[in-house]
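Here, each number is a calculation from the coordinates, and none is a lab measurement. Just so you know, these numbers come straight off a predicted model, no measurement behind them. Cβ coordinates were reconstructed from backbone atoms using ideal geometry, including for glycine residues, and neighbour counts include every protein chain displayed.
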Amino acid sequence: MDDEPRTTSPSPAFRDRRCFGYPPPKGNCEKIQFRFPSLVRRGQGGGRTPRYTNPLESPLTKGDTWEAASTPISSQLQGARELTLAFSFPRPRFGGEREGEWRARIFSKLQGPLLAVCMALAVLHAANSCDSSALLRVISVSANVLAASPSEVSALIDLLEKQLRLKQFQTARETTQKLQELLKPEDARFLEVARLLAVHEQYSAAIPLLEQAHRVSPASYDINYNLALAYFRNGNHSKSADTLQALLAHQPRAEAFNLLAQVEEQRKRYLEAVRAFQKAAELEPGNEDYRYDYAFELLRHRTDRASIAIFASGVRDFPKSFKLRLGLGSAYYIVDKQEEAARVLLEAIQIEPSNKVAYLFLGKTYEQAGSFQTAVMKAFKAYLERGPRDPWAYYHYGMILYLSTQSAPKPDFQAAKSHLDRALRLNPRFAEAYLQLGIIEQHEDQNQESLLSLKRAVHSNPKLAAAHYRLGLAYRRLGQKDEAAAEFALFEKLNAERQAGQEKRAVIQFLIEQE
């Protein structure tokens with residue numbers, strides 16, 4: 001091509017891979033999670049007591065009769081063993097005041113925190129829904145009643161969880177304070193309170209609880225790890241590193257080294273980060289994620305040959321790993337080994353045939369893919385036959401069709417243009433697609449159409465140097481010399497501002513976003 005090299009900056013959104021256990025992670029959430037033991041709540045007599053969870057799953061909300069003749073409500077709420085209900089009221093099929101009188105007959109039999117829970121059930125049951133406004137009203141009532149009986153720790157924890165889910169953080173802080181007054185740091189339920197705060201990203205509230213637990217159990221691996229992770233997520237990287245280093249001196253585990261590496265990366269202590277990633281990978285050689293993290297850290301900091309060696313060893317050790325093949329293919333692309341990159345990325349799409357990221361990098365390799373060009377073309381054709389909403393795939397296949405027919409005696413670019421148009425329908429501000437469409441139109445001597453496409457490319461991305469160069473050619477062909485000179489000057493300026501390794505940094509940033 002006579003075009004200047006194109007700089008692409010794809011920006012599909014990728015979910016953050018570091019999850020904390022709530023809500024239940026979707027997709028490929030990775031390893032950095034808070035570590036808490038499975039907790040069993042116990043009643044006053046020491047017997048095991050099931051946790052009260054979803055009000056809509058209570059026996060009180062099932063069927064047309066609310067009854068508890070053989071089911072003591074104390075089995076649903078800790079500390080209410082002396083209360084059992086042995087009455088049955090038929091559910092009325094009318095509303096308004098008469099239904100209110102019917103509910104009042106039930107509430108007259110209940111006391112204390114049990115009343116609060118049943119009131120919650122009644123409201124939700126009558127509304128036949130669990131919308132947030134109803135829950136807010138329920139929580140307000142529950143909080144007032146529970147204040148009269150603060151020993152009901154399980155109910156308070158349930159209340160805290162509901163408040164956090166509804167993002168009622170001010171009331172959640174008040175509930176947390178009550179629980180801190182009732183529980184000692186060595187109590188497992190104290191850690192459950194910290195867990196709830198942490199998984200709802202209330203790190204500043206979780207940290208004081210974890211610090212108290214740490215003072216009581218300074219040797220606990222889980223408490224130290226959770227505290228370090230909370231510090232990290234709260235932006236206190238120095239405290240996180242100190243906690244992890246003290247922990248690792250006595251309990252060297254791979255996950256703690258991996259977390260330390262990420263902390264050191266944020267502190268810009270890159271050598272320490274590489275060493276910690278390496279240690280994690282060595283301690284658990286069977287962990288695919290730790291191997292990837294180590295190789296990617298090397299790639300990020302320009303130790304390309306070492307990165308390729310680690311990625312390659314990972315592909316050998318984890319033959320079904322898409323992630324490690326994507327990393328290896330990207331590394332080959334960065335060091336300009338396009339044929340090797342194409343080979344590895346073709347293997348990657350055999351594992352995940354619909355992964356947009358793999359096709360993005362595979363398309364970049366086509367021009368220099370050598371013996372793999374035919375396989376790359378076939379892979380894109382098969383992918384697009386499935387109709388993905390992937391503008392980059394249509395763009396790359398349009399490019400492939402253009403390049404493959406460019407040298408023909410009578411080239412027909414209609415198929416290439418059709419795929420570029422499809423890319424633009426999916427992304428109307430796709431500067432690279434406008435640029436390539438303008439190049440094809442110049443090849444067809446459609447100068448006015450080319451001028452319009454190239455203006456759109458520059459408007460969509462004013463920093464796309466190649467678009468200014470091509471726009472200058474379009475103006476020159478139309479005899480507009482001043483406009484052409486201005487575009488060529490812009491091209492020279494943008495080209496001079498491009499730093500060495502810009503494409504490599506763009507690839508690395510893109511991989512960071514998809515983690």
Sorted largest first, the C-alpha extents of segment 373-487 along its principal axes in whole angstrom are 46, 33, 19
Within a Cβ distance under 14 Å of Arg425, other residues only, what is the Lys/Arg minus Asp/Glu net charge? +3
Using r as the Cβ-Cβ distance of Glu367 and Arg305, and R0 as 25 Å, what FRET efficiency do you calculate, to the nearest 0.05? 0.55
Listed with the fewest Cβ neighbours within 10 Å leading, Lys381, Lys455, Lys410 appear as Lys410, Lys381, Lys455
With the Cα gyration tensor of segment 296-440 giving a ≥ b ≥ c as the square roots of its eigenvalues, does the rule (a/c under 1.5 for rounded; else a/b larger than b/c for prolate; else oblate) give rounded, prolate or oblate? prolate
Please compute the length gained on full extension between Glu497 and Glu385, using 0.36 nm multiplied by the number of residues separating them and subtracting their Cα-Cα distance. 36.3 nm
Taking 418-425, 153-160 and ranking on average Cβ neighbours within 10 Å, highest first, one gets 153-160, 418-425
Got a sec? How would Met377, Met399 order by Cβ neighbour count within 10 Å, fewest to most? Met377, Met399
For the ranges 258-267, 288-297, what's the packing order if you count other beta-carbon atoms within 10 Å of each residue, average per peptide, and put the highest first? 288-297, 258-267
Taking just the alpha-carbon atoms of segment 184-262, what radius of gyration and Dmax come out, in angstrom? 11.6, 33
Segment Gln245-Ala486, length gained on full extension (0.36 nm per residue, minus Cα span): 81.0 nm
Approximate spin-label separation His459-Ser313, in nm, with each point projected 7 Å along Cα-to-Cβ: 5.4 nm
Give the order of Ile439, Ile351 when sorted by the count of other beta carbons within 10 angstrom, beginning with the fewest. Ile351, Ile439
Charges on Cβ only, +1 for Lys and Arg, -1 for Asp and Glu, centred on the Cα centroid of segment 333-479; of Phe430, Leu360, Ile349, which one is farthest towards the dipole's positive end? Phe430
With r as the distance between the Cβ atoms of Gln180 and Arg267 and R0 = 35 Å, compute the FRET efficiency 1/(1 + (r/R0)^6) and round to 0.05. 0.65
